[in-house]
Every structure is written in structure tokens, then in C-alpha cells.
1. Just name the residue that is nearest to the other protein chains (Cβ to nearest Cβ) out of those in segment B:687-720 that are hydroxyl-bearing (S, T, Y) and more than 26 Å from C:Q146 (Cβ to Cβ).
2. Taking the options A:A252, A:A241, A:A192, A:A258, name whichever one is assigned to a loop (DSSP other than H, G, I, E, B) and within 12 Å of chain B (Cβ to nearest Cβ).
3. Could you list, in sequence order, the residues of segment C:1-22 that are away from chain B (no Cβ under 14 Å) and not in a loop (DSSP other than H, G, I, E, B)?
4. Of all residues being out of contact with any strand residue (DSSP E or B) (no Cβ under 8 Å at 6 or more places or on another chain) and basic (K, R) in segment A:18-53, which is nearest to the other protein chains (Cβ to nearest Cβ)? Just the residue, please.
5. Between A:L14, A:L62, A:L67, which is more than 14 Å from chain B (Cβ to nearest Cβ) and closer than 20 Å to A:L159 by Cα?
6. Collect the residues in segment C:108-162 that are among the aliphatic types (A, V, I, L, M) and not in a helix (DSSP H, G or I), keeping them in residue-number order.
7. Of the residues B:A683, B:A745, which single one is touching a Leu at 6+ places or on another chain (Cβ under 8 Å), away from chain A (no Cβ under 12 Å), touching a residue at least 40 places away in the same chain (Cβ under 8 Å) and buried (at least 23 other Cβ atoms within 10 Å of the Cβ)?
8. Which ones in segment B:10-24 are at the interface with another protein chain (Cβ under 7 Å from one of its Cβ atoms) and outside any loop (DSSP other than H, G, I, E, B)?
Amino acid sequence: MKPARFDYARPATLAEALALLAKPDTAVLAGGQSLMPMMNLRVARPARLVDINRLPLGEIALGNGVLRIGALARHAAVLASPLVAQAAPLLPQALAQVAHAAIRNRGTLGGSLSLADPAAELPACMLALDATLVAASAARGERRIAASAFFHGLYSTALEPDELLLRAELPAAAPGWRYAFLELARRHGDFAMAGLALALGPGAARLALCGVEAGQRRQPAAEAALAAGDLPAAIAALGTAEAMDSPDLPAAQRVHLAQVLLRRAFQQIGAAHAAA
Amino acid sequence: MTHIGQPLPRAATARLVAGRGSYLDDVSARGELHAAFLRSPYPHAGFRITGTAAASALPGVVAVLTEAELAAVCQPWQTKTGSASGMVSPTQRALAKDAACYQGEPIAMVLALSRAVAEDAAELIEVEWQELPAITNLALALHVDAPPAHQGLTSNLAWSTEMKGGDIEAAFAAATLVVEDRLVFTRSTGVTLEPRGVLAQYNPASQALEVRISHQMPHQLQRHLADLLGVSLARVRVICPDVGGGFGLKMHVYPDEIAACAAARLLGRPVRFVADRAEALLSDIHAREHIVEARMAVDAEGRILGFDVQDVQGLGAYSIFPRSSTTEGVSALRSLGAPYRFSAYRGRLRSVLQNKVPTGQYRSVGHPVGIAVAERLVDLAAAARGEDPLEFRRRNLVAQAEMPWVNPLGARMAELSHQQCLAKLEALLDLPTLRNEVATMRAAGRCIGLGFASIVEFTATGPEGYGRAGVLVAAVDTVVLSLEPSGEVTARASISEIGQGTTQGLAQVVADAFGVAPDQVLMGSGDTATTPHGGGAWASRGAAIGGEAAWGAGRKLRAEVLAAAAALLQCAAEALDIQDGHITDANGPRMSLAELAETVTFRGYELPTGVQPQLTVAHHYRREQDTALTTNGFQASLVEVDPDTGIITPLRHWAVGDCGRLLNPLLVEGQVRGGVVQGIGEALFEACRYDESGQFLSGTLADYLLPMAGEMPDITVAHVETPYSGSVLGAKGAGEAGTAGAPAAILNAVNDALAQHGASVSELPITPGAILRALGRLA
Amino acid sequence: MLPPDEPTAEIACTVNGEAIHTQVPLRRSLVDWLRHDVGLTGSHVGCEHGVCGACHVRVDGQVVRGCLMLAVQADGATVETIEGARDPLTLALQDAFFHHAALQCGFCTPGMILQAAELLAQHPAPTRAEVREALSGNYCRCTGYQPIVDAVMAVSAILPAK
């Protein structure tokens, strides 16, 4: 289980990295926690790796009501960050359930978002937090992409092959908003059979699922029902999700689990609200 | 005996915690070549290798070999056993010829300067494949329209047998209650953390083959390598270094390992093959694929009258060499209901060929299947009678006064302690309190279940097991001891160490038998050049068989040393003793063992004429009665089922066992706990799955779910100690009982929980989806 | 011996306190390089796809999967393996693992101990459940995990609270 051959470059600057990404058949190596297994299994066999680990993209900063998390911020750093806990309390809830400690020490926000694994937790969080994702390419410079426009489907995003994700920008948690991230996995750290990121505000809701549909997206019908305080309608709305189907985990089971999670998330938030 | 029975850690683990072990892949040979295999991507296909030039031309590639090349140095083999006469299992080769009969079967190999390049080259081998209809689904394999697993076969039935005794028709006619169920057991596999691996070297000048291999039984393999490669047995040296887990997985003859040895012979260069995890999951033996339909007859007083069982067992493409996969089916039927008194039994076994990797002996061979079936039926009967499941068991357990008990199958059980184990379990659980807790949790809306399993295990198989079947598997063992000039004792045992800790138990036995502290006994094992022929590690035999050899050797060495000391000290040997490394008499120490050994070794002239102390002694042990040693025990499991999600959480687990004399309770408890978790894995997580076309779906550890720390419960362990009366030490097997009973206990606990909702499950592993379907929450 | 045209790169790093300056094949994983080229065989290879934890090593003080990092990425890094980890927590854990029989075959042990040391460095007084969760990415087939949890708790019990 050794990777096929590849070329390797480790740029010191963003400009250098973007220039390298303009070449065909190039993969970005960030934390490597998904890419390296796929390369070891020879499921992925890029001709070139651009190792971005030396770029200054790991910063976590809060200013002007916006939390900025660099693409190279490791899961462990985001999980431990007081700024994140303050401005995006959904993220630590989710990250505590991402894989295992050693994986979180290397895995990055940008890597997870760029891969867009349907079962991954962080894309759902970005959707529920209404994040803006900032990417750059050598040819076209920076551009800002709303999370809702970023995830296109199974392992597919708005990123062009020559683009690199630089950071996520999240509006800091506003008063009156409450958050829940829940998932169901067979074992600690496994990819979820179903997961759910929920942000519930005064008369508004944002909801995204992971592990259910091939492409992660907001669930507008359920959100509308939640905004109106109608949990049963929201649960029913999830019934129309176009869930992935596999022998071990049929579509109906994923949808059922998502509905269970929504009820639990709503109860959890409600209980927290009542307690407050 | 001051050291036998002490909870001492295994001495050698001091190396392992420091990262100073020596596993197979930790040692390399100069000039070694790395092997990679081209394996069949199809479950069944004819093939023709049309081109190897591109692979051979890759820089760093030294050789590309196919069956045609290996045939010059390597014989094919075929599994035959008197225990399954008439069995159909086709000839097997190190590399397949013309057709591949399971996905993962090796068809060509590359030898290169690195594993990465070997893998590159394997991708370049050109093959014309002709896909053939494949049969993987066990439920369909015996259907008249099922495609044959091998071309030319008219049926996939490899072997069938009927094991019976008593009047089964009369038993069921007399029954007032008949319970029945159909249980499905999905294949699982061993997943030793250290994968299989081999480093083979052939010296053409001395015609000697040296094979380092991660394996459980060096001598068994030595014999097969000699036969298959045409090397004299004494010139084959097999070395098993630190072994990173065995569990039965590393006791078979694997084509890729034989191919690596054959390539070393052919090329005259060291060849290394270490299976990566993907090929391990694909090519290691699988185990325990059964569909069992079973009925149990019960009379009006709640007494079991008999069992009527039909077991269909999946063998895979071949019956595993050399021991035969059918052993698992026979063992499942033999263990079914073994704790109980009954008068009639009929068990039909059909062992079936499939286009899947062979199944084989895996920890607790067959027992988890037989025990789960019987314990499920027992719970059904208790429920049907509206009775406590433990009361039903208590009534039916064979009593001590009835032993030795020979059941209708002819299985002989002696010196079992069912009643004591049950009493101990009830005390351990504090059953009234626990039942109150369960009731309280249920009242709070939680779906809680408590399940039990009663176990008899057949352990420490003696010579009659494989010997009468004509299978060359040693069931005897020898320990060689030497008193070194330092006064330390070196021991060389034909028992092997695979992490289970047997060598520590043996060191404690030698220490007591001879008269030194255990840390003065340095154990060696796992090398055919330094240890006498013996069985290695299988069937929980180390303590029961190896322990006797160790005791005998210790006593022999003691007699030699005391005789020598008596000659030097000019007193009667009977007046002397060996205590804590010293020769003592009634007044205390007279001389140290080091002084004695130095005198014998370097200044022998000080001894009287004619005194020739034998400071190296050997003792061979063969048990002359009891084909197997029966052990018994009880397990209990407390689980919570989440009816909304189907997720099962094992909350607590208890195991009470009687494995005879405990040589080392710390290590026995380790065996029990590890075994229980392996059984929980089998019950809740582990499954080798295939899609409808026969493609293997569990090829990575993200797909094959192992039990991990986060989901496993703490396990309370207790012992009843009924020493085996037929040996000096009285030890029986301890390594597999945990695995034997855990799936049954979990299955019964889950069904106890589901019973509150009027639901049940009968397929292992029990998945969340199965729970949701059973509860009607999912179509 | 390296195949003739295998692409390599030059790296300089510190491994268990020793400066190393060498060429590494681009596609060699950190754990393969440590084991086969540096000769530190204490970190093991169990799955090569990031699931089992046998390959754990410390890179710049953090525990990582050695099979998911390339050796070339260790350029400039400080790498520690079980053989070189001499911090008091690791030593105490090694001792506790030995005495609790928290290992049988020992193949998972180095990775398990490094992970446990990181846990105790960050959380000196975990609950049993927290220990289990922290070790949930390390596979052990032999022990059933309980003695491992016992060993970690025993070390935790002698640590000063943070």
C-alpha cells in the first residue's frame, strides 16, 4: 500500500503555491489526513503534490464581528481556540466528533472543506454558520464564495483546479442564536451515519446535514418550518432529502436518523434556551 | 508452589513498551527483494498472463514470476483430512494457474528493490481475464442453479456430515415445548494488528532455507515448507520473532507466503513479503460464516430433551490447508448445548465451497456459533415458559455428580463446575440489585437488556484430534532447560509466544519446579533451530500441555543439580533442596546455583569420578487421555439499545470461567477480557461483506469495523478453579473462552431489550439497521 | 537499496535528539522512513490508511499518524519516536503498561502510549470514558482495552492536578 509516484513541491509563498497549482493533475497537500490514505490505496494518484504546510494560512482571528479561520488551521487548534468557542460555538461541538486526536493534530479546515466528503462535519457547519469561503488563484486573484454556493456534490466544490482555499469567514454568533451539532456514528470518530448542524435564531434557522445527501446543502424547507417553530413540519421536510444509498446504510435509514437528530437538536437547544 | 498462580506481568513486555520489540518487519536482510502480488480483482475468473515485459522493464524490478516459474520449485497442495473424508477441496498453488477462484487470490508476483516499485510493476502485468459466474452468497450456494465455485464441479457441497446420538424423533415427540430459530452469522476475520509477513532466504550452497515469519507454529510450517519446496526438513529453519497477534489467523499455509519462500529459493536472494492491510483483509482467513436452523425440545418440567440442528457453513474457495475449514463446523455443532443434559441430538453440517477467501480456524473455533445458537434457544424456551433464564439454565446444567458426562454426541465432559460458576456469577452481578436497576432504567424509558451465556469449551487438543485424521499437527510439546554458568536457567520451549503470555506462565512453572525466581528463567521459543518439534500456539494449549513439559523439565534439572550438589557437598541428595537460586539444606544455603554450575562447567575435576551432571535436560509431554480438555463458564452482558437510532451500547460485561489451575491470573484475565471484546466485535461490528456481484466491500479498516476503546465496556472477571486431575499442574485452556461466550451473551442481552418492544434479531453482527427494522422503524 | 530512478529530496531534521541530513524518496511515509532508513522500528505499520494508530510518532511535540505524513514533510521538524520519548509521562506510562499487562502482543503499544501521554499532558485527570475516547483511534486486538485504561488512570492518579 504505497503511493504511486508523484512530484513534490513545497512553496514558501502563496504566489509560488498558486503558480504551481496552475499545472494540471496537481493536488494540494494540507493535513493529508484524507489525501494520504487515498494515495496509499492508489485511489488517488496525482502527478504533483503542492505541500502548502509552510504557507502562513493557519491564523484564527476575530474582528469586526467576523471570525476568520485560515485554511491551514488544524482541527485541534480550532477545537481549542477560545475565539472559536466565543464566536462560533457550533464548531467545537462538531470538531470534538471529527476523527481522533492524532488526526485532528494534522487535519485542516481547508482540507476538509476542499475535499467535500459528504459525511464530513465541517462543510455542514460552514453552511449552518453562513460562512464565506475565500479562495485565490494565480490567474484570477481572490474571490469570495458563500458556503451555500461552495459545495456542489460528492467530493465536488466551486473551487477551480488552480484555486486554493485561503480561509473561512464566519459572522460571529449573534445574540439570541443557539447552535447544535449532533451526529450518529457506529464508533467514536467514525464518519457519521448521519449528522446535523443547526443554528437557530429569532425567527430564523439554518440547517445542514452530513452523511445523508451526496452534496451538502442547506435544507430550506426544514429551515422555514423551524423558523416558524414547527418542529414536526421540519422533521417531515427532511423526509424529502435525496439520501445516499448503500447496502450497509440504506437511504431510508439515513433520512430516519437525520430526523431523529433534528428532534434531538431542537430539544437540546430548547432545553438550553429554557435553562438560560 | 510460590510462583505458580502469581499475577506477574510477562517479562518480555518490558521490551515491547519501550518500542524494542523485534517483529517480522523490524529485521531486514542484506540484498533483500520486496514482493508484491497481482491478485485477482474478480471472485471467479479464468485468466491468461499475456505480458510481463513492461513490468520487468521498470527500473528496480528484479523478477516477475508466475505459476509457470514457481512450479519448478514448489509443489501444489490439497487439503485432506480423515476428519472429513470425501471432502472436495481442489488443489491449490502458491500462484493460481489458469483460474482465480476468489478475489485476492495471487496470480503473479513482482520482486523489486522496494515495495513501492513492486506495486508499480504489478500494475503493469498484462492479463486477459475471462470473468466466470461466481458464487459468494452462502444462502444460495447449494441451490441447483448456483454456479460452481470451481469449473468442473457439479455441486458446491464440499462435505457433509451428520452428528447424532439418542432418539431425536422420540425426543421431539415427547416435547411439550419446541423452540426454534434461524441464526445467521456473517463472516468476520482476525485482523491481527501486525499483518502476516515473511522474510525468506535460501542458501543454494547448503541447500538450506531460513524463513522468518509472523506465525503461530514454526514446526508445523517447517514441515510444509520442506514438503512443498523439496528441502530436507532439518535444513528448513523457521523463526517466529515477536508476533503481533495470532488468534488462529497465523496458523495456516498461505499461498503468498509460500510464493515468497519459493521465490527466495528460485532467485537465491532474500525475499520479503509483508501484507498490507488491504491485502490482509482480502487474503487472511475469514471465519464463522454460518446459517444455522435449530430446534430444541423441552419437556413439561422444563428439561431439555434434545437438539435438532442444520448448519450450513461457508468454506470459501478451498478448505484451509492443512487443518481443514470443516473443523469449525464440527466444533460449532459439538459446542452447541454442551453445558446441558439432554438425551438426543442430531446435527447436520453442510460445508460449502464459495468464491471467497477460505475460512479457517479462528480464536475459539466454532464455539461462538454453537454457543450463540444454543443460548438463544434456551432463552426462547425460558421466555415461552415465563421463567427466569438463569433458572431454566440451572435446571438443565450437567451436575458435578453426573460427571464425567458423555453427551449424545459422544463429547466427554469432566470436572466442570457449572453450578459454582453460576453461583459466582450471580454473586458478582448482585443479581437482585442489578435487576432492580434494570427495572428502574426501563421505567425511565430506557431500552435495557441483560443477557446470559453458559459455555463449555473444548481446549488443549491432544494428539488424537489431528493425529488420527492424518493431519501433521503436533499436539505434544517439549521444554529444554539449561543451567547456565551464571546460575540462570535458559528454557527453550516448543510452545510459542504470540502475545498471550504463555512463556511467562511457563517461566513461573519452571521457577517452582526447579527452585529459582521466575526472572532467573529466560524463555526462548519460536525457532525451529533452537527448540524441539512441538505444537506452537493453538487451541489454548500452552499452559495445559506446555506447562506439563515445563514442570517435568524443571524437576529433571532439579534432580540433576541436587545429585551434583550432593556429590560436591558429600551429603545425600535427599537432604538438599533448591530455594531461590541456592542449594540449601536444613541449616540454610550451602552454595549458589552459580557456584555449582561454574564448578560443573569449568572445574569438572572437582566432581567425583563418574559424576556427569546433565545441566541440559529435556522433557516431552503427551497427554495420554482426554482428546480435549473441557472448560466451562458463564458470561453476562448488560446493553442499552437506542430504539430511535438502533445503536447498541454494551454497558457492562461479566465473565466467570473455570480453566483449571491458573498459572498466572493477571495474564488469564487479559485473555478473558481480550477474548470478550473480540466476541463483542463479532456480535456488534465486524463483518466481511460482499456486494451482489461478489465484490468484497470490507477492504479497509474504515469499512471493516473493529471494536475500539470508546465503545467497549469494562469487564468484570472471576474464576472458579477446578484443576484437571489428569495432569500435575491441572491447567486447562484459557485463551478462547471469552470469545466463545460473548456473542451469545450480547445477542441475548439485545433480544432481552427488544423483547420489551415485542421484537427480536437473529443475525450477527447486530447492526443499527437491523434493530430499526426489527422495531418497525425502518422498512 | 533504492530503485535507480526513484525521485528523492533532501531533508534535515532532528530525530530523537539527533540531527539527520539525508535524501528521502518522495513517496516514502514518515513511519516507513523512520523504520527502514533510520532504523527506529518502535513505531509500527498497521494499516497505512490512518485508522489503527500503530504508527504514531511525535512531530514538533504533537502526536501524528506516521503513515499519513511523508518523510519529506519532516524537513526542519523535530521528530520523536517511542524509543526516544524520555519525558516523565511516557516513562510512567511505559511502566504502568508493563505492570497492568496493558499489552499482549505489544504491536499497538508504542502508538497507544504516545497518544495516552498527549492526553495526560493536556488533561491530567481524565475520567475513564475520556481515556477511552482519547484512545479511540488506536486499535488493540489483544487486551480488550480495559487494562490500558487502567494503566492510564494509574498514571493520572500520581500526577499533580493541572
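1. Within segment B:687-720, the subset hydroxyl-bearing (S, T, Y) is B:690, B:693, B:698, B:700, B:704, B:716.
Then keep just the ones that are more than 26 Å from C:Q146 (Cβ to Cβ); that gives B:690, B:693, B:698, B:700.
Numbers: B:Y690: 9, B:S693: 12, B:S698: 10, B:T700: 6 Å.
Looking at the filtered set, the residue picked out is B:T700.
2. Values: A:A252 fails: assigned to a loop (DSSP other than H, G, I, E, B); A:A241 fails: within 12 Å of chain B (Cβ to nearest Cβ); A:A258 fails: assigned to a loop (DSSP other than H, G, I, E, B).
So the residue among A:A252, A:A241, A:A192, A:A258 that is assigned to a loop (DSSP other than H, G, I, E, B) and within 12 Å of chain B (Cβ to nearest Cβ) is A:A192.
3. Initial filter on segment C:1-22 (away from chain B (no Cβ under 14 Å)): C:9-14, C:17-22.
If the condition is that a residue be away from chain B (no Cβ under 14 Å) and not in a loop (DSSP other than H, G, I, E, B), then C:A9, C:E10, C:I11, C:A12, C:C13, C:T14, C:E18, C:A19, C:I20, C:H21, C:T22 are the ones that fit.
4. The extreme case among them is A:R42.
5. Numbers: A:L62 fails: closer than 20 Å to A:L159 by Cα; A:L67 fails: closer than 20 Å to A:L159 by Cα.
Just a single option satisfies the conditions, and that option is A:L14.
6. The initial filter retains those residues of segment C:108-162 that are among the aliphatic types (A, V, I, L, M), namely C:112-114, C:116-117, C:119-121, C:125, C:129, C:131, C:134-135, C:148-149, C:151-155, C:157-159, C:161.
Matches in segment C:108-162: C:A125, C:L135, C:I158, C:L159, C:A161.
7. On the way: B:A745 fails: touching a Leu at 6+ places or on another chain (Cβ under 8 Å).
B:A683 is the lone residue from the list that is touching a Leu at 6+ places or on another chain (Cβ under 8 Å), away from chain A (no Cβ under 12 Å), touching a residue at least 40 places away in the same chain (Cβ under 8 Å) and buried (at least 23 other Cβ atoms within 10 Å of the Cβ).
8. B:T13, B:A14, B:L16, B:V17, B:Y23
The values are calculated or read from the model by the stated rules, or taken from the named source; none is laboratory data. All of these numbers come straight from a predicted model, not from anything done at the bench. Using ideal geometry, Cβ is built from the backbone for each residue, glycine included, and neighbour counts are taken over all protein chains shown.
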